[in-house]
Amino acid sequence: MISQYIPISAALSALAKAGHTVSRNSNRVARVAGSGGQTYVIDGQSYGLSAVRAMAAELVTPKDTSTNSKPKREIEIIAEAIAADEWCQAQECSVCTMGERQLNGQVTYTFEQTRSDGRKVCKGLTLRDIRSWAKRNQVISPGYKTTT
């Protein structure tokens, strides 16, 4: 049983570093053979995807399988701060981290808030506007440095 997900590229490179001869059958060969899935040739024998991952389980280090190496974007950091803030939770504030490009080239993010009279306000704001709103309402510190 594999305890962690191993990408096939990391598994194949780990087997190659260990001295095995590794190659991949083409999709055409797999269709003709009727195996139904992608097969890999390791030391002259054909193996399926799960068998290759099982063989490489003890060879792969956790550093090789790290898939989340991207740094967080500024909008994600601000959105997490808004979601964690008590005042924002009471006001039911939220920011969508998926932007939408306008015709003038600006990217806007959906910002929602419930007003004191119960009306829900939903508008598209730029990152600059969201950052200034968050600083003005003390969700992020006034000395917050931008990442860009």
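The values are calculated or read from the model by the stated rules, or taken from the named source; none is laboratory data. Since the structure is predicted, the reported quantities are computational estimates derived from the model, not experimental observations. Every residue, glycine among them, receives a Cβ derived from its backbone with ideal geometry; neighbour counts consider all protein chains shown.
A few comments on the model shown:
- Scanning region 71-110 for residues that are in contact with a Cys (Cβ under 7 Å, 6 or more places away or on another chain) and crowded, with 16+ Cβ neighbours inside 10 Å yields a total of 2.
- Helices (runs of 4 or more DSSP H) enclosed by region 1-82 - at least 1 residues per element that are under 21 Å from the mean Cα position of the chain (by Cα) and at pLDDT 80 or above: 8-17
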